[in-house]
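Data block below; observations after.
The values are calculated or read from the model by the stated rules, or taken from the named source; none is laboratory data. All values reported here derive from a predicted model rather than from experimental measurement. Note that each Cβ is placed from the backbone with ideal geometry, even for glycine, and that neighbours are counted across all protein chains shown.
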């Protein structure tokens, strides 16, 4: 059943990503009060020219990052399913990064705490700007029953290889 209180998820259509990085800008403006892509909760990687990868938390059903935190600085929102970081408790040990199958969390460049997408309390700014631009590389899904978020829990390198196979074929992708 899809309700306003259902967990939400951001679907990624990597082929549609233009690499404009509006998602990084909107996120950093919302969370940091300034344009600061290095502190954005979504990051766009271009490891191969022409292949842009928006990379953010997939809200794994078993939350390995939360379970790996030795000080209880990570929790999940019952309303959205997002991973929440308690900046005061976080000791920036990096165990959440090591536990994440996509290596999504990273340590804030200035304030020394883990940075993970919090889904903007259910109204993700990255999705809004992506849809406003007409790319729809990011789409909001409510109550994603039947989907395995872990399919998206990959590193930017793994995603780039998968996408290169689709775009360029097996021969070229094998060289990446």
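Checked against the criterion of being closer than 16 Å to residue 43 by Cβ and out of contact with any helix residue (DSSP H, G or I) (no Cβ under 7 Å at 6 or more places or on another chain), region 130-142 contains not a single residue that satisfies it. In summary, helices (runs of 4 or more DSSP H) completely within region 71-168 and bearing 2 or more residues that are within 21 Å of residue 36 (Cα to Cα) and in contact (Cβ under 8 Å) with a residue 12 or more places away in the chain occur at 125-132. In the condition set (1) within 19 Å of residue 153 (Cβ to Cβ); (2) surrounded by 15 or more Cβ atoms within 10 Å (Cβ to Cβ); (3) touching a residue at least 40 places away in the same chain (Cβ under 8 Å), residue 22 is compliant with all but (1).
For every residue, the table says whether it meets (1) touching a strand residue (DSSP E or B) at 6+ places or on another chain (Cβ under 6 Å); (2) closer than 25 Å to residue 160 by Cβ; (3) modelled with pLDDT of 95 or more; (4) surrounded by fewer than 19 Cβ atoms within 10 Å (Cβ to Cβ).
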{"position": "53", "(1), (2), (3), (4)": "yes, yes, yes, no"}
{"position": "60", "(1), (2), (3), (4)": "no, yes, no, no"}
{"position": "79", "(1), (2), (3), (4)": "no, no, no, yes"}
{"position": "94", "(1), (2), (3), (4)": "no, yes, yes, yes"}
{"position": "104", "(1), (2), (3), (4)": "no, yes, yes, no"}
{"position": "139", "(1), (2), (3), (4)": "yes, yes, yes, yes"}
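Residue check: is residue 110 out of contact with any strand residue (DSSP E or B) (no Cβ under 8 Å at 6 or more places or on another chain), more than 16 Å from residue 55 (Cα to Cα) and surrounded by 15 or more Cβ atoms within 10 Å (Cβ to Cβ)? For residue 110, the condition - out of contact with any strand residue (DSSP E or B) (no Cβ under 8 Å at 6 or more places or on another chain), more than 16 Å from residue 55 (Cα to Cα) and surrounded by 15 or more Cβ atoms within 10 Å (Cβ to Cβ) - is not met.
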